[in-house]
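Asker: I'd like to ask you about the structure that follows.
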Amino acid sequence: ALCLIREYPALASSVDDAPLLPPLATYCGGWRGMGTPESNRALLRLAQLAPQDSMLQSRLASQLLDEAIGKNPDRAALEPAFLAGVDARLRRIEKADPSGFEIVQTRAMYMLLTGAGLTKVMAYWQARLRQPLRTDRDISGYQQANGYFGTALLNLGLYSEALRYLRVAAETDP
């Protein structure tokens, strides 16, 4: 229900309800983790219905990366043409919404997959988290970006640094 409450108002302003609601309900039903095959197909449909929606486009790029990594666990086997396509999608999102938070985690994952060092990725992430919050969607994206970054730092064993970002995530959306 939280997914529907957060996503529907922004999408309904630019997409007719009739084609929007079925894929949105399916997508929201499986949105945690890597989703389900049905929710992933619904996300693709939503991205087609709302091509200017940076959140949907970013989530689709993230899903594409997750699926590619799942099929190629060594990550070295990711094809350059595939990565170039993901990069082109990310650049379109960044151009459409240069200060949006939705893309932060996906761009960071892309940077790591293409050889950017951890220091560069952390600098990118921290710079993006210093941007002003303009809309309700920004607040949600900010909360998620802090949560992802905190979890990444936690997984790296940087516990005190991770706690700072995880606290912000929890305080932004308890």
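Asker: Is it true that Q126 is closer than 19 Å to A170 by Cα, more than 14 Å from the chain's Cα centre (by Cα) and not in a helix (DSSP H, G or I)?
Answerer: The answer is no for Q126.
Asker: Ok, one more. Of the numbered conditions (1) closer than 25 Å to A169 by Cα; (2) open to solvent by 40 Å² or more (accessible area, probe 1.4 Å); (3) among the acidic types (D, E), D97 satisfies every one except a single condition; which is it?
Answerer: (2)
Asker: Residue by residue through the stretch 111-121, note down the ones that are without any contact (Cβ under 8 Å) to a residue 12 or more places away in the chain and either loosely packed, with under 13 Cβ neighbours inside 10 Å or assigned to a helix (DSSP H, G or I) (or both).
Answerer: L112, G115, G117, T119, K120
Asker: Another one. T151 versus (1) open to solvent by less than 40 Å² (accessible area, probe 1.4 Å); (2) without any contact (Cβ under 8 Å) to a residue 24 or more places away in the chain; (3) under 18 Å from the mean Cα position of the chain (by Cα): which is the lone unmet condition?
Answerer: With respect to (1) open to solvent by less than 40 Å² (accessible area, probe 1.4 Å); (2) without any contact (Cβ under 8 Å) to a residue 24 or more places away in the chain; (3) under 18 Å from the mean Cα position of the chain (by Cα), T151 is out only on (1).
Asker: Here are some residues: P132, P98. Which one is more than 21 Å from L60 (Cα to Cα) and in a loop (DSSP other than H, G, I, E, B)?
Answerer: The match here is P132.
Asker: A further question follows. If we scan the stretch 53-70, do we find a residue that is over 16 Å from the mean Cα position of the chain (by Cα) and farther than 19 Å from Y165 by Cβ?
Answerer: Yes: the stretch 53-70 contains one or more residues that are over 16 Å from the mean Cα position of the chain (by Cα) and farther than 19 Å from Y165 by Cβ.
Asker: Filtering the stretch 132-148 down to residues that are open to solvent by less than 60 Å² (accessible area, probe 1.4 Å) and farther than 21 Å from D87 by Cβ, which residue is nearest to the chain's Cα centre (by Cα)?
Answerer: Step by step, filter the stretch 132-148, then rank; the result is Q144.
Asker: How many of the residues making up the stretch 122-148 are touching a residue at least 40 places away in the same chain (Cβ under 8 Å) and small (G, A, S)?
Answerer: Looking only at that region, the number is 3.
Asker: Related question: Take the residues in the stretch 65-81 that are assigned to a helix (DSSP H, G or I) and open to solvent by less than 50 Å² (accessible area, probe 1.4 Å), then tell me which one is modelled with the highest pLDDT.
Answerer: Among residues in the stretch 65-81 that are assigned to a helix (DSSP H, G or I) and open to solvent by less than 50 Å² (accessible area, probe 1.4 Å), the one modelled with the highest pLDDT is L65.
Asker: Restricting to the stretch 154-170, name every residue that is of a type in the set (F, W, Y) and surrounded by fewer than 17 Cβ atoms within 10 Å (Cβ to Cβ).
Answerer: Hit for the stretch 154-170 is Y159, nothing else.
The values are calculated or read from the model by the stated rules, or taken from the named source; none is laboratory data. Because the structure is predicted, anything quoted here is derived from the model rather than measured. Cβ: placed from backbone, ideal geometry, glycine included. Neighbour counts: every protein chain shown. Heads up: the accessible areas ignore ligands, DNA and RNA and are worked out on the full protein's heavy atoms, side chains in. Shrake-Rupley method; radii C 1.70, N 1.55, O 1.52, S 1.80 Å.
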